[in-house]
Amino acid sequence: MKTLGIIFSNIHERDIPELTKVRTLASVPYGGRYRLIDFVLSNMVNSGITNIGIIAKYNYQSLMDHVQSGKSWGLARKNGGLTILPPFNDVSGGGVFNNRFEAIKSVGGFIRHNEADYVVMADCDIVCNLDLAPAIAAHEKNHADITMIYRKKNVDSSDKYRMVIETDDSGKVIRSSMNDGSSGEKKVYTDFMIITRRTLLYIIDHSDQWGINSFSRDILSNIREYNIYGYEMDGYYAAVNSLNDYYKHSMELLNPEVVRELFYKGGAEIYTKVRDSAPAKFTDTSFVRDSMIADGCIIEGEVENSIIFRGCHIAKGAKVTNSIIMQDARIDAGSTLNCVIMDKAAHVLENRLLSGHPTHPYYIEKEAEI
């Protein structure tokens, strides 16, 4: 079974405007040394998918710098490998695409000139370690047109923009709709989809004739026209739907059980761009507890229950608790930060007191000086 991977780098980025103002969602830093795209990209590679296209849109320079040729994921190869796909479509006179379906139509040539049997499409806002091979095998066994990978969870108002499905005993989808905001356990679509390539090309070729312009409304909800099945994933799963979600799920990484489940499940690692940085340095004035400290950091102050990215400097007398400090940020002497998300290369001057709350973290934008 040959499978092509398609990754949407920007879908849902409007949900986290603070972090996606200067970067695409795919390149949002996560977990001390990773980017959000590392998870879906690693999932595909670990599942044997070695021909992957990433659909870009806005602010994708940092994404290109991060993935480069795909070498860190074993995708630097003559046949297949990693391809950055341009953000233009043929719907609005060659302009930038407006939604998921327009994005797929814009890369129809890339899909058409591939010999894959199936296409796996995924977004970048899901943090998980998912083996796609069993789902692809189930898709083939069921002779499905589309397989929607879902997760059972207790939904709340934060899931109101997520699609939920109902399945019969065989796993066939009998109803799909956007969550109405009600609570309770539901089967939530993860935005991981397997679709037979011939089916996808047939949809693209006839979309104008049939008036198709939305995947969720015109395709995934059309259970009479398409043979759609669900596939349940297990294990750790986090959907980054907002800045609060970003903070909450990032802080979950301080739990060793979550780290083992996410990064070492079944021997499947999460890969990222390798950097040759010096180890973190801790001086005799430092105090660190229950934290993740990346390489290249200089820690002279106190850090507790926090995630510190590469190259950060926490000066003597500074105190950081319950916070996320991104790459190359600096916190000067005497400053105290609690429940803060500090973006890349930001700088907090001496004797500042900044505090948010676990349900509403205080955000400092990239390269800001406080």
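One residue is enough: does the stretch 137-158 have a residue meeting the conditions polar (S, T, N, Q), within 30 Å of Gly267 (Cα to Cα) and open to solvent by less than 20 Å² (accessible area, probe 1.4 Å)? Yes - at least one qualifying residue is present in the stretch 137-158.
For the structure I just gave you, tell me whether Asp284 is over 14 Å from Met342 (Cβ atoms) and under 30 Å from the mean Cα position of the chain (by Cα). So Asp284 does not fit the description; no. Taking the criterion of being open to solvent by 30 Å² or more (accessible area, probe 1.4 Å), assigned to a loop (DSSP other than H, G, I, E, B) and charged (D, E, K, R), the residues of the stretch 1-35 that qualify are Lys2, Lys21, Arg33. On inspection, Ile54 does not qualify as part of a loop (DSSP other than H, G, I, E, B), in contact (Cβ under 8 Å) with a residue 24 or more places away in the chain and either open to solvent by 10 Å² or more (accessible area, probe 1.4 Å) or β-branched (Val, Ile, Thr) (or both). Counting only residues that are at pLDDT below 90 and either basic (Lys, Arg) or within 16 Å of Leu82 (Cβ to Cβ) (or both), the stretch 25-60 holds 3 of them. Among strands (runs of 3 or more DSSP E) entirely within the stretch 181-273, having at least 3 residues that are hydrophobic (A, V, I, L, M, F, W, C) singles out 184-196. Could you count how many residues in the stretch 263-279 are open to solvent by less than 30 Å² (accessible area, probe 1.4 Å) and either of a type in the set (Ser, Thr, Tyr) or in contact with a strand residue (DSSP E or B) (Cβ under 7 Å, 6 or more places away or on another chain) (or both)? Looking only at that region, the number is 2. Output the residue which, of all residues in the stretch 81-126 that are β-branched (Val, Ile, Thr) and in a loop (DSSP other than H, G, I, E, B), is modelled with the lowest pLDDT. That would be Val91. Answer yes or no as to whether Gly296 is without any contact (Cβ under 8 Å) to a residue 40 or more places away in the chain and either part of a helix (DSSP H, G or I) or farther than 27 Å from Lys71 by Cα (or both). For Gly296, the condition - without any contact (Cβ under 8 Å) to a residue 40 or more places away in the chain and either part of a helix (DSSP H, G or I) or farther than 27 Å from Lys71 by Cα (or both) - is not met.
Can you pull out the residues in the stretch 312-347 that are open to solvent by 30 Å² or more (accessible area, probe 1.4 Å) and within 19 Å of Tyr363 (Cα to Cα)?
His313, Lys319, Asn322, Gln327, Asp328, Arg330, Asp332, Thr336, Asn338, Lys344, Ala345
Number of residues in the stretch 173-222 that are open to solvent by 30 Å² or more (accessible area, probe 1.4 Å), under 27 Å from Ala116 (Cα atoms) and aliphatic (A, V, I, L, M) equals 0.
The set of residues in the stretch 299-311 that are open to solvent by 10 Å² or more (accessible area, probe 1.4 Å), in contact (Cβ under 8 Å) with a residue 24 or more places away in the chain and over 14 Å from Ala346 (Cα atoms) contains only Asn305.
Given (1) over 23 Å from the mean Cα position of the chain (by Cα); (2) at pLDDT 95 or above, identify the lone condition not met by Leu254. Every listed condition holds for Leu254 apart from (1).
The values are calculated or read from the model by the stated rules, or taken from the named source; none is laboratory data. Computed from a predicted structure; not experimentally measured. Neighbour counts are summed over all protein chains in view; Cβ atoms, including those assigned to glycine, are modelled from backbone coordinates with ideal geometry. The protein model used for the area step is the full one, side chains on, heavy atoms only, and it has no ligands, DNA or RNA in it. Shrake-Rupley method; radii C 1.70, N 1.55, O 1.52, S 1.80 Å.
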